[in-house]
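The values are calculated or read from the model by the stated rules, or taken from the named source; none is laboratory data. Here the structure is a predicted model, which means the values were calculated and not measured. Positions of Cβ are backbone-derived with ideal geometry, glycine not excepted, and every protein chain shown enters the neighbour counts.
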Amino acid sequence: MAINCTVNKKKVSLDIDPNTPLLWALRDHLSLLGTKYGCGIAQCGACTVWVNGEPTRSCVLPISAVSNAQITTIEGLDSAGKHPVQVAWDELDVPQCGYCQAGQIMTAAGLLKKNPHPTDQEIVDGMSGNICRCGTYHRIQEAVKLASKKTKK
Amino acid sequence: MKTSRRDFIQKTALFTGVFTLGFDWFSAEAAAETSTMEVVTGAGRFNAFLSIDNLGKITLFSPNPEIGQGIKTAFPVVVAEELDVDWAQVQVEQANLDTKLFERQLTGGSGALKHSWERLRKAGATVRKMMMQAAADQWKVDIGQCKTSKGFVLGPAGQKASYGSLAEAASKLPVPTELTYKDRKDYKIIGTRVKGVDNKNVVTGKPLFGIDIRKPGMVFAQIVRPPFGATLKSFSAEDVKKMPGILEVVSFKNKVAIVGENTYAILQARASLTCDYSSDAPLESNETHQNWFDEGMKSEKAQVMRKDGDFAAAIASAAKVIEATYECPFISHSPMEPMNFFADVKADSVLLAGPTQVPQPAQKAVSDLLKIPVDKIQVELSKMGGGFGRRLSNDFVLEAAELSSIIKKPVLVMWTREDDMTGGTYRPAARYRFKAGLDKNGEIIAFALRGVGLNAGNSTRQDNFPVGAIENVLIESVDQKSAVTTGPWRAPITNFLGFAEQAFLDEVAEVAGKDPIQMRLALLEKVKTKPVGKITYEPARFEEVIKQVAEKAQWKKKPGVHQGFSVYYSHLSYVAQIAEVKVEKGKPKVTKVTAVTDCGEVVNLSGAENQVKGAIIDGMGHAMFAKLNFQKGVASPSNFNAYRMIRGNEIPVIDAHFVNNGIAPTGLGEPALPPTGGSIANAIYAATKKRHYKQPFN
């Protein structure tokens, strides 16, 4: 039986193995390639998307669990790159290789949605689930802070 | 004059190509004698770094593979500076492999800017001069009366012409042989903070990476590889072949490839696949490696890498002898994007696409494997999700090509994280034994190093400082052969040797009763006044980074803060570091690292800071946490749950400074890493009186 859900505000129907992790459904079946595979065991955060607004590791979440859910991927955050987090990421020149950044951005945007003006420690704690092998952590933390300033009080 | 759309089309039709810079990439000395009007892809012997069309569109082509080191941004910055255009006017494109157009189209050894600096400046300055000449001819003035600014030529009587409007005329002029480069005080782009040219695509999730490659008719595959040293005896594929979404299961070179319609189908099939292996020799374990280190330390067949004076006699006469042994394990590169590659092998042609640091050797290796000429093998470069040296090996390219040739389909081979972490070409494991002899005044009179590496080649760097300052030196290397595959890992050899050298010198300074910084400065003074043997580094540049870091970090002037010093020369750059450690709840915590780097001219300050901070975090994380264990030829751990990567809540403040002395730029992707383990270990010692001799520390 097909799984119906909404991805980036579009209704989709997935008639595939319901155990398929959301990550592979997005990448292999919906051609949404912005969400990245990093570890497959929810350790690195490269695959982070929003499920009903909540940052979620898509590599371990079967699509059977997202029936009727609203899913947002990096492509759906703001396709023009105007979301404050995306703007801050560019402004502070965060990316090096760039591979983990979709997951970092979805985590950061999720954090700011819940807590628009986090303290420095809340930023560090909120972002520490995501690995960046290039070590862009300083700028990630600065960019979350900058995005927070860009978010209206 | 207004240009109607009709005019525009006619003009464009006349101006059939783009202005492609013509100069001989193979010899920076001799500029090509003619320019040409050609489309970029058909530029023949000319090199296409730069095109300007008659609408003023400036495209800069960046030939080297982008791995996160920022080369795709830094190269065009240099060209744009000398061309004298606004950075905002420029478009940057990644050039695919083209051995006719580009030389050294690779990423590795922190060598790109060093190699190409003059070529890039020439590329920009040549075209700038041709634009000025075209304008001078048009205005009937002398070229000496013309200036440029932001993509325009300015004449003596207030004339102003855009590069676009001059492109066609300029392209017909001979290429100038005499050039003047900008004075660095006039730089408008070089040395500023230039944002990565791919940033917009990254933050909007565009498919930029190898793993994102999709081609018509493409299938997916994963490959099950044997333990190191083992041979595939048999495998059961019948059940696997029947699983949904699985297309084929094939075997080649001790490997089993599962080909399927999608990733999840293959992942499930793998769980059902059983493989039987055999081996002639016992498969390797941690104990095997320890035995090989022991043997190597005793071996009488060590290769002498450098010998100055008479070490044996000097050490026998020494008032004090210091000896210490350091050891590091095999570690994985673990780029965030695991290995992957696309190949489409047809009867007489091949398309390769994906993330490789060395496209030309990849092309050659595939040519040798499949007996297809290199000119029939096209290589498309994707952005690389990190690499750290892993993508200098082409094993994953060859696998994809071989598999495609067997199944006769275009295929994307993806490695899982587990494949990537257990699949080899690691940083080699090594053990180092240092000996130093001091005279009664605490001066170093003898210095020896023996390195034993497992598939490391020469595990020493025999000319490294303090060699050159000491009369009696003996540097030896032993390479033990292992079935575990190894390859360059960011700052090859020195990523650990740097720690060992700098930690040892710290210990020597302590025994000699000297300040670690003063001791280095005194040794460098000796190199200047009484050098011993061949000197490969510049003592004055060493001294400068040392003095600056001591001042910036307030060496030994911060009560309650424990500091550790290190300084390192690699990839032609100099980096001095002071790490600071505080003890919190009985545990040392690295709170700050101050780094002063001399990499010559800083081309892009933003990118340079990224490289220094990233390399320090990389060096710190791997020094503290990383280790692979071996049991019967199998590496573990296999994923980030047990193979710990440094995270955002574990990083120190990093204060990165640059000497920025205007010398032609040198490497920056690696040089800040080797001194990191040493500065941190020395600071931990200052805080705890406990020395680290092995990595990982934890």
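Is there a residue in the stretch B:315-337 that is in a helix (DSSP H, G or I) and at negative phi?
Step one: list which residues in the stretch B:315-337 are in a helix (DSSP H, G or I), which gives B:315-316.
The next check asks that each one be at negative phi; those that pass are B:315-316.
Yes; the residues of the stretch B:315-337 include at least one that is in a helix (DSSP H, G or I) and at negative phi.
Given the conditions (1) outside any loop (DSSP other than H, G, I, E, B); (2) within 7 Å of chain B (Cβ to nearest Cβ); (3) not aromatic (Phe, Trp, Tyr), which single one is not true for residue A:122?
(2)
Do you know which residues across the stretch B:297-337 are within 14 Å of another protein chain (Cβ to nearest Cβ) and touching a strand residue (DSSP E or B) at 6+ places or on another chain (Cβ under 7 Å)?
Restricting attention to the stretch B:297-337, the residues satisfying the condition of being within 14 Å of another protein chain (Cβ to nearest Cβ) are B:331-337.
Hits for the stretch B:297-337 are B:331, B:332, B:337.
Name the single residue, out of those in the stretch B:549-602 being basic (Lys, Arg) and in contact with a strand residue (DSSP E or B) (Cβ under 8 Å, 6 or more places away or on another chain), that is nearest to residue B:681 (Cα to Cα). So that I can check it myself, show each step before the final result.
Keep residues of the stretch B:549-602 that are basic (Lys, Arg), which gives B:552, B:556-558, B:582, B:585, B:587, B:589, B:592.
Then drop every residue that is not in contact with a strand residue (DSSP E or B) (Cβ under 8 Å, 6 or more places away or on another chain), which leaves B:552, B:556, B:558, B:582, B:589, B:592.
Numbers: B:552: 20, B:556: 16, B:558: 18, B:582: 13, B:589: 11, B:592: 13 Å.
For the stretch B:549-602, the residue satisfying everything is B:589.
Any idea which of (1) closer than 26 Å to residue B:488 by Cβ; (2) in contact (Cβ under 8 Å) with a residue 40 or more places away in the chain; (3) in contact with a strand residue (DSSP E or B) (Cβ under 7 Å, 6 or more places away or on another chain) is the one residue B:356 doesn't satisfy?
Result: residue B:356 passes all but (3).
Does residue B:274 satisfy being β-branched (Val, Ile, Thr) and more than 32 Å from the chain's Cα centre (by Cα)?
Details: β-branched (Val, Ile, Thr): yes; more than 32 Å from the chain's Cα centre (by Cα): yes.
Answer is yes for this residue.
Restricting the search to the stretch B:387-424, which residues are among the aliphatic types (A, V, I, L, M), buried (at least 24 other Cβ atoms within 10 Å of the Cβ) and more than 11 Å from chain A (Cβ to nearest Cβ)?
B:397, B:400, B:401, B:403, B:411, B:413, listed by residue number.
Taking helices (runs of 4 or more DSSP H) that fall entirely within the stretch B:162-268, which contain at least 1 residues that are over 27 Å from the mean Cα position of the chain (by Cα), surrounded by 15 or more Cβ atoms within 10 Å (Cβ to Cβ) and in contact (Cβ under 8 Å) with a residue 12 or more places away in the chain? Steps first, answer last, please.
Details: elements: B:163-171, B:199-203, B:238-241.
The qualifying helices (runs of 4 or more DSSP H) are B:163-171, B:238-241.
If you go through the stretch B:660-696 one residue at a time, how many are over 21 Å from the mean Cα position of the chain (by Cα) and farther than 14 Å from residue B:567 by Cα? Steps first, answer last, please.
The first filter runs over the stretch B:660-696 and keeps only residues over 21 Å from the mean Cα position of the chain (by Cα), leaving B:661-662, B:679-696.
When the remaining residues are screened for being farther than 14 Å from residue B:567 by Cα, the result is B:661-662, B:684-696.
So the count comes out to 15.
Does residue B:592 satisfy the criteria of being under 22 Å from the mean Cα position of the chain (by Cα) and within 14 Å of chain A (Cβ to nearest Cβ)?
On the way: under 22 Å from the mean Cα position of the chain (by Cα): no; within 14 Å of chain A (Cβ to nearest Cβ): yes.
No: the conditions fail for residue B:592.
Restricted to the stretch B:152-161, and to residues that are touching a residue at least 12 places away in the same chain (Cβ under 8 Å) and surrounded by fewer than 17 Cβ atoms within 10 Å (Cβ to Cβ), which residue is farthest from residue B:188 (Cα to Cα)?
The first filter runs over the stretch B:152-161 and keeps only residues touching a residue at least 12 places away in the same chain (Cβ under 8 Å), leaving B:153, B:155-157, B:159, B:161.
This time we only want the ones that are surrounded by fewer than 17 Cβ atoms within 10 Å (Cβ to Cβ), so: B:156-157, B:159.
On the way: B:156: 23, B:157: 25, B:159: 23 Å.
The residue in question is B:157.
In the stretch B:344-364, how many are under 30 Å from residue B:637 (Cβ atoms) and more than 13 Å from chain A (Cβ to nearest Cβ)? Steps first, please.
From the stretch B:344-364, those under 30 Å from residue B:637 (Cβ atoms) are B:354-358, B:362; that's our starting set.
Keeping just the survivors that are more than 13 Å from chain A (Cβ to nearest Cβ) gives B:354, B:356, B:358, B:362.
Qualifying residue count, the stretch B:344-364: 4.
Looking only at the stretch A:125-146, how many residues end up being away from chain B (no Cβ under 11 Å) and not acidic (Asp, Glu)? Please lay out each step first, then the result.
Narrowing the stretch A:125-146 to residues away from chain B (no Cβ under 11 Å): A:142, A:145-146.
Then keep just the ones that are not acidic (Asp, Glu); that gives A:145-146.
Residues flagged as away from chain B (no Cβ under 11 Å) and not acidic (Asp, Glu) within the stretch A:125-146 amount to 2.
Take the stretch A:34-78 and flag every residue that is buried (at least 20 other Cβ atoms within 10 Å of the Cβ), hydrophobic (A, V, I, L, M, F, W, C) and either within 12 Å of chain B (Cβ to nearest Cβ) or under 25 Å from residue B:415 (Cβ atoms) (or both).
Within the stretch A:34-78, A:39, A:44, A:46, A:47, A:49, A:59, A:61, A:63, A:74, A:77 qualify.
Check residue B:698 against each of (1) over 27 Å from residue B:573 (Cα atoms); (2) crowded, with 19+ Cβ neighbours inside 10 Å; (3) modelled with pLDDT under 95 and name the one condition it does not meet.
Among (1) over 27 Å from residue B:573 (Cα atoms); (2) crowded, with 19+ Cβ neighbours inside 10 Å; (3) modelled with pLDDT under 95, the lone unmet condition for residue B:698 is (2).
How many residues does the stretch B:104-151 contain that are surrounded by fewer than 17 Cβ atoms within 10 Å (Cβ to Cβ), part of a loop (DSSP other than H, G, I, E, B) and either in contact (Cβ under 8 Å) with a residue 60 or more places away in the chain or at positive phi (or both)?
3
Just the residues that are closer than 30 Å to residue B:276 by Cβ and within 14 Å of chain A (Cβ to nearest Cβ), please, taken from the stretch B:187-242.
Across the stretch B:187-242, the qualifying residues are B:219, B:220, B:221, B:222.
Out of B:600, B:619, B:614, I need the residue that is of a type in the set (Gly, Ala, Ser), buried (at least 24 other Cβ atoms within 10 Å of the Cβ), within 25 Å of the chain's Cα centre (by Cα) and at positive phi. Which one?
Values: B:619 fails: at positive phi; B:614 fails: at positive phi.
None of the others qualify; the one that does is B:600.
I'd like the residue in the stretch B:528-569 that is surrounded by 22 or more Cβ atoms within 10 Å (Cβ to Cβ) and small (Gly, Ala, Ser) and, out of all such residues, is nearest to residue B:463 (Cα to Cα).
The extreme case among them is B:566.
Just give me the residues in the stretch A:86-107 being facing chain B (nearest Cβ under 8 Å), buried (at least 24 other Cβ atoms within 10 Å of the Cβ) and not in a loop (DSSP other than H, G, I, E, B), in sequence order.
A:86, A:89, A:101, A:102, A:105 - these are the residues of the stretch A:86-107 that are facing chain B (nearest Cβ under 8 Å), buried (at least 24 other Cβ atoms within 10 Å of the Cβ) and not in a loop (DSSP other than H, G, I, E, B).
Could you check the stretch B:597-675 for strands (runs of 3 or more DSSP E) lying wholly inside it with 1 or more residues that are aliphatic (A, V, I, L, M), in contact with a Lys or Arg (Cβ under 7 Å, 6 or more places away or on another chain) and touching a residue at least 40 places away in the same chain (Cβ under 8 Å)?
Working: elements: B:629-631, B:634-636, B:653-658.
Ranges flagged: B:653-658.
Hey, residue B:74 hits all of (1) at pLDDT 85 or above; (2) within 13 Å of residue B:123 (Cβ to Cβ) but one; which does it fall short on?
Every condition holds for residue B:74 apart from (2).
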